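This report refers to the structure that appears directly beneath it.
Readers should treat all values here as calculations from the given coordinates under stated rules, not as data from a laboratory. It should be emphasised that the depicted structure is a prediction, and the values quoted were computed from it without experimental measurement. Please note: Cβ atoms are built from the backbone with ideal geometry, for glycine as well, and neighbour counts cover all protein chains shown.
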Amino acid sequence: MREEEQKGDNMEQELDEPITEKIMEKKKIQSIDELPGIGPATVEKLMQAGYTSLMSMAVATPAELVGATEMSEATAKKVIAIARANLEMEFSSGEELLKKRQQCIKITTGSKNLDTLYGGGVETGAISEAFGAYGAGKSQIAHVLAVRCQLPVEKGGAGGMAVFIDTESTFRPERIVQIANNLKMDVQEVLRNIKVARAFNSDHQALLAEKIEDLIKKQGLPIKLVVVDSLMAHFRAEFIGRGTLADRQQKINKHMHALMKLADTYNLAVYVTNQVMAKPDTFFGDPTEAIGGHIVAHNSTYRVYLRRGKKGTRVAKMVDAPNIAESEAIFQVEEGGVRDA
């Protein structure tokens, strides 16, 4: 082992020389074990830390690689530079991005009104946040999506499996059975295709999100939906007072970046629920506001505010979206899922 580590150290020394175009042109690097300056011991550490592809290396920060492998910061910077050069991470045209956007899948909620609000359904490759008071229907939609994402694409699904990170003990398999029966789906198959994990604190929650990549890459599971219900429950309970605000926001930011990376890399949908707080200084309009501040707001692609309506209905309002105008939709929660009111 000592000889192997020494070999890795010797190879790292090669990177002390400036990176030139000649190094880039020598050989097209396809995997991380082909990166110059990375010994077998370092590759193993990178693999254990989740850096299994050139893309994961290219989007990493030097500090993350230093923490994972104990390599020097200078070496980490050069390794990242080589990974980026081999991936040709440059500008893309609007036409290329439009083609990529056409690969996004819209998962139906079962309500045409709600689907229209989302621009056709809950989108893959994005984070969709739903916030509102208790009983507004946030978790109900989460259960519906966990079932409907398993439907074929032509039937409004994504043809894949769901991961449900449960922070408030809200997941109910009985509810899944009701929704699956209503859609005349194989109940046992539907239940098998939902991977549920109970998160007991914020660190555990963040770790579970990072482990989803293992389900996709190592176990080969076709994950197409990740649900976090709810996003801020543990952070709200553990970080109390203004003195802890900066630490809390930093952890939330890292957690949401991990979720966005999953969504973008594997073209899956991320649906997170969020709690609200009352603003006593609001004299006009609705005094409720989503918690998590600007960090959660900026990291969410679509933000929908849910509230109770008249006669048992629910009202969903699109608060923020990059390509959808602000609008409202009325829907109803019933035994078989959600439907238009």
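Of note:
- Between the C-alpha center of the range 42-62 and that of the range 157-198 there is a gap of 32 Å.
- Among Thr109, Thr265, Thr61, residue whose mean-square fluctuation peaks in a GNM of the chain (springs only between Cα atoms under 10 Å): Thr61
- The chymotrypsin sites (Phe, Trp or Tyr not before Pro) found in the range 193-261 that occupy coil by DSSP, while having at most 14 further C-beta atoms within 10 Å, are Phe200.
- In Hz, Karplus ³J(HN,Hα) per residue of the range 151-159 (6.51, -1.76, 1.60; θ = phi - 60°; x = Gly, Pro): 5, x, 4, 5, 9, x, x, 10, x
- From helices alone, the chain scores -12500 deg cm²/dmol at 222 nm; the rule is -39500 (n - 2.57) for each run of n ≥ 4 DSSP H residues, then divide by the residue total.
- With θ taken as phi - 60° and the Karplus curve 6.51 cos²θ - 1.76 cosθ + 1.60 applied, the whole-hertz 3J(HN,Hα) list for the range 92-105 is 10, 7, x, 5, 5, 5, 5, 4, 5, 5, 5, 7, 5, 10 Hz, x standing for glycine and proline.
- Rounded to the nearest 0.05, the FRET efficiency derived from the C-beta distance between Lys28 and Leu191 at R0 = 41 Å is 0.40.
- The trypsin sites (Lys or Arg not before Pro) of the range 163-231 that meet both conditions, a loop assignment by DSSP and at most 13 other Cβ atoms within 10 Å of the site Cβ, are Lys184, Lys218.
- Too-long pairs where the Cα-Cα distance tops 27 Å, listed order kept, from Lys78/Lys254; Lys138/Lys311; Lys78/Lys195; Lys100/Lys224; Lys28/Lys78: Lys78/Lys195
- 10 Å Cβ shell holding at most 15 others, DSSP loop, GluC sites (Glu not before Pro): longest site-free stretch of the chain: 169-325
- Our estimate of slack between Ser169 and Ile324, defined as 0.36 nm per intervening residue step minus the Cα-Cα distance, is 52.6 nm.
- Of Lys106/Lys184; Lys155/Lys217; Lys184/Lys211; Lys217/Lys317, those spanning more than 30 Å from alpha-carbon to alpha-carbon: Lys184/Lys211; Lys217/Lys317
- Rounded to the nearest 10 degrees, the inclination of helix 73-87 to the longest alpha-carbon principal axis of the chain is 70 degrees.
- GNM top mover of Leu221, Leu98, Leu65 - the chain, alpha-carbon springs below 10 Å: Leu98
- In angstrom, the C-alpha Rg and Dmax of the chain are 22.4, 74.
- Additional length obtainable on full extension of the chain from Lys217 to Ala297, 0.36 nm per residue less Cα span: 25.8 nm
- Average projected area [Cα convex hull, the range 98-155], square nanometres: 4.4 nm²
- Calculated FRET efficiency, Gln250 to Ala49, Cβ-Cβ distance, R0 = 22 Å: about 0.65 to the nearest 0.05.
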